[in-house]
1. Mind ordering 88-96, 171-179, 155-163 by average Cβ neighbours within 10 Å, highest first?
2. If the cut-off is a Cα-Cα distance under 17 Å, which aspartates and glutamates reach K76, setting aside same-chain residues fewer than 8 apart in sequence?
3. In nm, give the distance between the simple-model label positions of D88 and D114, each being 7 Å from the Cα along the Cα-to-Cβ direction.
4. If a/c stays under 1.5 just call it rounded; otherwise compare a/b with b/c (prolate if a/b is bigger, oblate if not). Do that for segment 74-158, with a ≥ b ≥ c from the square roots of the Cα gyration tensor eigenvalues.
5. May I ask for the net charge around T182, where only other residues with Cβ less than 12 Å from the Cβ of T182 are counted and Lys, Arg are +1 while Asp, Glu are -1?
6. Through the Karplus equation 6.51 cos²θ - 1.76 cosθ + 1.60, θ set to phi - 60°, convert the phi angles of segment 167-175 into ³J(HN,Hα) values in whole Hz; use x for Gly and Pro.
Amino acid sequence: MNRTLVLVSALSAGLMTTAGISQTAAAPSAPAAAPAAVEPQAIPAKIALVAFEQAVFATNEGQRAVQQIQDKYKPKKDQIDTLSKEVDSLKAQLQSAPATLSDEERATRLRNIDTKEKELNRNAEDAQTAYNADLQEAYGKVAAKVSVTLKDYVSKNGYTLLLDVSGQQSNVMWANQSTDVTQAIVTAYNASSGVAAPAPSGPSGPTTARPRPTTTTPKPAAPKQ
């Protein structure tokens, strides 16, 4: 009997007594049945590890996205490289200038170097910021789809706990390699996405470092079981 029915029964009994309709004391209503307690059960643990961020970028779709972004920023990278070489050349010329170089000429060269170096730094920072933003956006789109594959994989394979070890601050100090499902997820996603592996190409983005999302924007977390 739920709480509403108990309340209605109590009010009805009170009204009947007040009106004198019945002189017989109403029998107390039975208390509501308490919900059955759920007993916790111990089940065998089956733990999986996944480097989720690396898995996203290792998929064919992730690699294709990175290549497209690098191709987009290649002209800007070439421009920055050219300006960097120009600054290095001007510095070398100043260092090798004869001692007879006038103070005025030296000051002019230093100002020119300073102007070009500031331009170089500004262009490089702007390009890197835009590159990271595009990379983060592409990561989020692919990660959302890889998450679905990951959740389906661990569910079908009976895993009871999934740990993401993408970050350098992971609490997992050691684990058997057989618990790492990263490559299995990459393979499963590639098969379901239908995206072919992109042709290999050299680094062409503003940075040659391994592509990673910026830390200021939260990335999608690996799904919990």
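1. Numbers: 88-96: 11.7, 171-179: 8.7, 155-163: 13.3.
Result, highest mean Cβ count within 10 Å first: 155-163, 88-96, 171-179.
2. Those aspartates and glutamates meeting the cut-off are E86, E117, E119, E125, D126, D134.
3. 2.4
4. Cα axes put segment 74-158 in the prolate bin.
5. Computed value for this residue: -3.
6. Each residue of segment 167-175 in turn: x, 5, 9, 4, 7, 7, 8, 7, 7 Hz.
No lab work stands behind these numbers, since they all come straight from the coordinates. Only a predicted model underlies this, so the values are computations on that prediction, with no experimental measurement involved. A quick note on method: Cβ atoms are made from the backbone with ideal geometry, for glycine too, and the neighbour counts reach across all protein chains shown.
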